[in-house]
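This report concerns only the one structure given below.
The values are calculated or read from the model by the stated rules, or taken from the named source; none is laboratory data. Here the structure is a predicted model, which means the values were calculated and not measured. These area figures cover heavy atoms from the full protein model, side chains too; ligands, DNA and RNA do not enter into them. Shrake-Rupley method; radii C 1.70, N 1.55, O 1.52, S 1.80 Å.
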Amino acid sequence: MPTQLTVVIVNWNTGELLSRCLDSLFRSLRLRSVEVFVVDNASTDGSAAMVRERYPQVRLIENRENLGFARANNQAIRQSSGRYVLMLNPDTLVHPSGIDALVDFLESHPEAGACGAYLLNPDGSLQHSCSPAPTLGREFRRLFHLPGIRSDGYYAMEKWDQALPRRVDVILGACLLLRRQALEQVGLLDEDYFIYSEEVDLCHRLRQAGWELYWVPQGRVVHLGGQSTRQVSEAMFLRLYQAKLLYFRKNHGRVQALAYKLIIASAALIRLLLTPLALLLGDARQQASLAQAANYRRLLVKLPGW
C-alpha cells in the first residue's frame, strides 16, 4: 500500500516533550499508511536514545551537529514516500483526528498545496498561526507599532469564523501539512535558512506556483511554543532578523533587503534611545526592557555584515 502520510519531527533537546508529542500523534491517527521520522539535531538530553527505546516504529535520523530546521526536515523528506508530508514540532500535542482532518482537507481540495492546523495554547485559547506575506510596509508598521498591524505580524484570527477553513498567505511551520506534488514542483525548504522564515519562503514559492494555502480549524493541535529556541533566546533573536533579511533579499531583491536593513536599524535605535525610560517601570518590566535593549544593541552590531 502506498504511504499516505509522512510525519517529520525535528528535535533539539526537548526529549520529554517529544515523547508526549509522539504519544498524542499515534493515539490520534486513524490513517493506516503512515511513516514517522524524528530527526535529532545532536541533542544532549538523551532524546535519540529515548526514541530508539520507546518508539521502534519511528525512523530516527541522528545528526552529529545541529543542522538547523530546514536541513533536518529535508533529510527526512528526501527519504520519505508519503503522498502528504507533515512538518510537526516536538512541542505539540495532537487532538484526536487532528491530523486526519488536515489530510482529509487536502484530499478534497486539489487546488491546495498546503494547510495548517488550528493551533491552541495550553489553556485552550486560540494561538495565532497564520500571517499575510511579509512586505516592507507591514514590517515597518509592525516594528514601529503603528495601528492596524499586530506586533507579531499575524492575522487577527480571533475575528475569523472558527469553524470555516480560510485561505491564507503563510502557515506557521509548527504544524504544516504539504502535498508532495506541490513540494516536488517548488522544491524543498531552502537550507540557507537555519531557523525562522523557511516556511515563509516555502509558502511564498507555493503561492507563486499557483497553489493555495489554507488554515483548517477542524485540525486541532496544542502548541507550547518556543521550547527549543528559548534555550538560546539571545542567539535566536539575531537568527530571526537574519532570516527575515534573507527572505527579502532572496524574494524581493537587494534594494528591498537594504531598505529592510534601514527599517530594522531605525527601529532598534529608537528602542535604545527610549531605554532610560525603563527605569520608571516596575522591576519585571524594567528587566524585560533592558534585556530587549541588549538584543537590539547586538542586532545593530551584526546588521551591517548581513
Please calculate the 1.4 Å probe accessible area of HIS145, with all protein chains present, and give it to the nearest 10 Å².
120 Å²
Dividing the convex hull volume of the alpha carbon atoms of the range 140-239 by its residue count, what do you get in Å³ per residue?
142 Å³
The range 138-194 and the range 205-275 have their Cα centres apart by a whole-number Å value of 10 Å
Sequence of ARG220, ARG167 from largest to smallest accessible area, 1.4 Å probe:
ARG167, ARG220
Computed over the range 52-144: relative contact order in percent, which uses C-alpha pairs under 8 Å that are six or more apart
11 percent
Could you order TRP211, TRP12 so the one with the most accessible surface comes first? Probe is 1.4 Å.
TRP12, TRP211
Quick check for you: with a 1.4 Å probe and neighbouring chains kept, what is the accessible area per residue of the range 134-271, in Å²?
46 Å²
What is the angle, in °, between the Cα long axis of helix 15-28 and the longest principal axis of the Cα atoms in the chain? Nearest 10 is fine, range 0 to 90.
50 degrees
The chain, relative contact order [Cα under 8 Å, separation at least 6], %:
19 percent
If ligands, DNA and RNA are left out, what is the accessible area of GLU16 with a 1.4 Å probe, given in Å² to the nearest 10?
120 Å²
Computing the accessible area with a 1.4 Å probe over protein heavy atoms, can you report the carbon and sulfur percentage for the chain?
53 percent
Across the range 46-119, what fraction of all alpha-carbon pairs, as a whole percent, falls in each successive 10 Å bin from zero upward?
14, 41, 36, 9, 0
